[in-house]
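Note sheet for the following structure.
The values are calculated or read from the model by the stated rules, or taken from the named source; none is laboratory data. Please read these numbers as outputs of a predicted model, since none were measured by experiment. Ideal geometry is used to build each Cβ from the backbone, glycine not excepted, and the neighbour counts take in all protein chains shown. When the accessible area is computed, the model is the full protein with side chains, heavy atoms only, and any ligands, DNA or RNA have been set aside. Shrake-Rupley method; radii C 1.70, N 1.55, O 1.52, S 1.80 Å.
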Amino acid sequence: MGVKLVFLGKLADLAGAPEMEVDAPLDWGSLVEGLDADLAEAIEGDKVRLALNGTVLADKHTLDAGDGDEVALLPPVSGG
């Protein structure tokens, strides 16, 4: 089954798709290692947040996703 990654905003552009599936289990290190270098660099910044199954993580480095989980990568929000 795996872990579903959901990319929003400019992160979807960098990923080349709004979603992708990766093998479980997934922690922060394996997430970063499994992504294209430009996308990995973009998500490492302090402004990008992660949500695990709809709950935003206070510290993205604590990511611990398993089979069937969804991880959303949330870029900074700009307003106008």
Cα-based equivalent ellipsoid of the chain: semi-axis lengths in Å, sorted from largest, via gyration tensor: 18, 14, 12
For the stretch 1-48, convex hull of alpha carbons as volume per residue, Å³: 69 Å³
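Could you compute the net charge surrounding HIS61? Neighbours are other residues with a C-beta less than 11 Å from the C-beta of HIS61; K and R count +1, D and E count -1. Can you show the working numbers first?
Details: positive: LYS60; negative: ASP27, GLU44, ASP59, ASP64.
For residues surrounding HIS61, the net value is -3.
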With every protein chain in place, the chain: carbon and sulfur % of accessible area (1.4 Å): 49 percent
Virtual spin-label span in nm between VAL56 and ASP13, 7 Å along Cα→Cβ: 2.2 nm
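How much mean residue ellipticity at 222 nm does the chain get from its helices, if each DSSP H run of length 4 or more adds -39500 (n - 2.57) and you divide by all residues, to the nearest 500 deg cm²/dmol?
Values: 3 runs with 21 residues, N = 80.
About -6500 deg cm²/dmol.
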Local electrostatic count at GLU70 - Lys and Arg +1, Asp and Glu -1, tallied over other residues with Cβ under 13 Å: -3
At most 12 other Cβ within 10 Å, DSSP loop - trypsin sites (Lys or Arg not before Pro), the chain: LYS47
Stretch gain in nm, segment LYS47-SER30, where the contour uses 0.36 nm per residue and the Cα spacing is subtracted: 4.2 nm
Modelled FRET efficiency - R0 22 Å, ALA40 with ASP67, Cβ distances, 0.05 increments: 0.45
